[in-house]
Amino acid sequence: MNFCPVPHTQRDLAWLGIGIFIGSSLYYFKKSKGEAKSGSEVQRQLSKQDPAGLSQRSAAADGKVYFSYSDVHSSICSLASRIKSEFKPDVIIAIGGGGFIPARMLRTEIKVPILAVSLEMYDDSTNTARTTVVRKQWYDIDSELGKLVKGGRVLIVDEVDDTRATLEYCVKEVQKDGPSAICVAVVHNKAKPKKGALPDGVVYLAGEEVPNMWNCYPWDAAAYGRSIYEHEELAKGCREGL
């Protein structure tokens, strides 16, 4: 039994050839369209995982990345608008030393009080990471400002999310005082695996995603043996790829 008619004339053969051509063309069109859709889906997923994208700054000759006051201020401005729309805090907790100046910049736009804590993950004398977070200073929960934490919406601010261990420690300690909500805001988030983890329900915001390199901030210029003017010139070079 024949399941397909067998062409007997040249006209039949011509129509058969046209049919094969159209069918194969449709197949490859659908295939390429599907591959394009698959590629765009991958891009969309990557974008969803890292909406800000990595910073394109280059390292200076010493292998470090320098950030100017204007760089930090720009990231803070973008953070401020997101914080005001997505979180609306009652009080800011600044993690010192690196979180003090960013928190003060935020305070200009988010007019709530600032509490200061001091936590150390790095040993300044050796420039190496500690194995545990050292608590140097904490707020008084019974003070007028400290009472804002209990039942309040708390914004925790630091300059960089490196290992996330310091942020994890701070969040868990603040949770003991019973806030209604916590948001963590950092100027920079390093694209690297984290040792620490934030508890469920904590809002996380980063002003800029940066590569896993050594960051140098303007308030630490003297620690690297540079004047603020030298630091700012290096930051300009990093920003412009010089």
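The values are calculated or read from the model by the stated rules, or taken from the named source; none is laboratory data. Quick caveat, the model's predicted, so the values are computed rather than measured. Every residue, glycine among them, receives a Cβ derived from its backbone with ideal geometry; neighbour counts consider all protein chains shown.
A compact table of results
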quantity: Residues of segment 224-242 classified as over 22 Å from the mean Cα position of the chain (by Cα) and in a loop (DSSP other than H, G, I, E, B), total; calculated: 4
quantity: Candidates 241, 196, filtered to the one that is surrounded by 16 or more Cβ atoms within 10 Å (Cβ to Cβ) and in contact with a Ser or Thr (Cβ under 7 Å, 6 or more places away or on another chain); calculated: 196
quantity: Flag if residue 176 is among the basic types (Lys, Arg), surrounded by fewer than 16 Cβ atoms within 10 Å (Cβ to Cβ) and on the phi > 0 side of the Ramachandran plot; calculated: no
quantity: Qualifying positions in segment 165-205 - without any contact (Cβ under 8 Å) to a residue 40 or more places away in the chain, closer than 25 Å to residue 68 by Cβ and assigned to a loop (DSSP other than H, G, I, E, B); calculated: 192
quantity: Residue 221 in a helix (DSSP H, G or I), free of Cβ contacts under 8 Å to residues at least 24 places away in the same chain and either touching an Asp or Glu at 6+ places or on another chain (Cβ under 6 Å) or surrounded by 15 or more Cβ atoms within 10 Å (Cβ to Cβ) (or both); calculated: yes
quantity: Residue tally, condition surrounded by fewer than 22 Cβ atoms within 10 Å (Cβ to Cβ), in a loop (DSSP other than H, G, I, E, B) and out of contact with any Ser or Thr (no Cβ under 8 Å at 6 or more places or on another chain), over segment 139-163; calculated: 9
quantity: Residues that are among the hydrophobic types (A, V, I, L, M, F, W, C) and either over 13 Å from residue 93 (Cα atoms) or under 19 Å from the mean Cα position of the chain (by Cα) (or both), drawn from segment 121-153; calculated: 121, 129, 133, 134
quantity: Matching entry among 186, 160 (being within 24 Å of residue 61 (Cβ to Cβ), among the β-branched types (Val, Ile, Thr) and at pLDDT 95 or above); calculated: 160
quantity: Filter pass, residue 130 being touching a Cys at 6+ places or on another chain (Cβ under 9 Å) and over 30 Å from residue 240 (Cα atoms); calculated: no
